[in-house]
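First comes the structure, then the notes that go with it.
The values are calculated or read from the model by the stated rules, or taken from the named source; none is laboratory data. Everything numeric in this text was worked out from a predicted model, so none of it was measured. Please note: Cβ atoms are built from the backbone with ideal geometry, for glycine as well, and neighbour counts cover all protein chains shown. Each accessible area value is taken on the protein alone, full model and side chains, heavy atoms only, with ligands, DNA and RNA left out. Shrake-Rupley method; radii C 1.70, N 1.55, O 1.52, S 1.80 Å.
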Amino acid sequence: MKKLLILCCAFATAVACKEEPKDYVTLSGTITNKNSDSLVVRTRGFSKAIQVNQDGTFKDTLKVETGLYFLYDGSESTSVFLKNGFDLNLTLDTKAFDETVKYTGTGSEHSNFLAEKALLQENLLNMEELTKLDKAGLETKLDNIKTELTRFYEANSHVDTSIINKGKNEIEPMLNFYKQYIGESIALKEELPKGSPSPVFNDFENFDGTTTSLSDLKGKYVYVDVWATWCGPCKAEIPSLKALEKEYHGKNIEFVSLSIDDDRSHGGSWDKARENWKAMVTDKELGGIQLFAPKGWQTQFVQDYKIKGIPRFLLIDPNGNVVTPDAPRPSSASIKELFTELNI
């Protein structure tokens with residue numbers, strides 16, 4: 001009887017000690033140089049904010065449906081694969097966001113793959129390098145990228161098949177987008193080659209109440225920023241543009257910002273478009289020459305440069321000829337390299 005009791009106790013202890021599968025994800029980690037006090041985990045139909053402590057550490061649990069989620073730190077985001085039962089620890093430094101994302105713990109191999117994939121695609125699909133190619137070179141480069149990405153997916157058979165299959169299916173549409181988008185830039189440079197006469201603008205309304213024509217700026221390089229007050233990517237370039245203008249102030253270059261705000265984007269009112277333009281120039285303390293395109297997107301200068309998306313940056317030489325109809329953005333290191341080549 002005593003032996004039976006001992007066996008029953010042992011069985012009961014074993015059952016009690018048997019760990020039930022977790023029906024939640026544990027997500028913890030440390031963020032160096034944190035951008036906010038929370039980390040948001042989200043996807044379509046799901047969103048949860050996780051508190052980030054003063055020292056950058058965080059920890060929480062989430063009940064999820066298996067799949068891909070985005071982690072947003074208040075400035076940038078990265079993909080993560082979540083499944084109930086996973087115990088993930090994340091480390092990253094926001095100063096080198098994509099390069100430092102790293103996961104450890106149960107299920108980490110899937111999210112590490114996603115981080116590696118994002119970095120690989122960023123390196124392969126370098127817009128500035130791709131736009132330097134001609135049509136034939138672009139075709140060859142994109143074919144090589146397709147081969148490399150396919151090889152990368154096939155070398156990671158340990159990763160969840162849903163991630164691999166989704167990634168493989170996205171390669172062709174993604175590269176077709178780049179082919180079309182960059183192809184338009186290449187075609188633009190063929191239509192408006194370096195050294196050809198630039199399209200001109202005449203008597204455009206200036207923020208200071210005067211008017212300005214391209215001919216007024218002859219004798220200097222002209223770096224034109226085509227933008228609008230409602231354009232998020234345009235506004236993101238403002239700090240870099242202001243810094244660039246400050247660095248090259250007094251040199252042989254004029255910085256022109258051309259707003260294409262129009263009635264359609266301001267409730268049907270041209271007066272409202274001008275009012276919002278002037279308000280943002282004042283609020284953001286924008287420098288340089290601030291101009292208002294008289295017909296928005298339909299302005300002849302905008303049409304002649306075949307501008308279909310903004311921001312777009314143009315560079316015109318002191319003789320009024322095209323340097324490039326698709327210049328690097330102010331936030332790009334290559335804009336200073338270009339200025340150096342031109343001895344600006």
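Assorted remarks:
- Scan of segment 282-292 for residues that are surrounded by fewer than 19 Cβ atoms within 10 Å (Cβ to Cβ) and among the β-branched types (V, I, T), ordered by number: T282
- Checking K246, K251, K272 one by one, the residue that is open to solvent by 80 Å² or more (accessible area, probe 1.4 Å) and part of a loop (DSSP other than H, G, I, E, B) is K251 and no other.
- Within segment 16-46, the set of residues being more than 17 Å from F81 (Cβ to Cβ), open to solvent by 60 Å² or more (accessible area, probe 1.4 Å) and assigned to a strand (DSSP E or B) comprises just one member, T32.
- First in segment 102-116 and more than 17 Å from E154 (Cβ to Cβ), second anywhere and open to solvent by 10 Å² or more (accessible area, probe 1.4 Å) and of a type in the set (F, W, Y), Cβ under 6 Å, 6 or more apart: T106/F86; G107/F86
- Test for I186: is it touching an Asp or Glu at 6+ places or on another chain (Cβ under 7 Å) and either not polar (S, T, N, Q) or not in a helix (DSSP H, G or I) (or both): yes
- Of everything listed in (1) open to solvent by less than 80 Å² (accessible area, probe 1.4 Å); (2) assigned to a helix (DSSP H, G or I); (3) in contact (Cβ under 8 Å) with a residue 12 or more places away in the chain, the single unmet condition for T147 is (3).
- If the condition is being loosely packed, with under 14 Cβ neighbours inside 10 Å and either more than 24 Å from A236 (Cβ to Cβ) or among the small types (G, A, S) (or both), then segment 299-320 contributes Q303, G309, N319.
- Against the test of being over 23 Å from the mean Cα position of the chain (by Cα) and either β-branched (V, I, T) or open to solvent by less than 80 Å² (accessible area, probe 1.4 Å) (or both), the options N126, N156 yield a single qualifying residue, N156.
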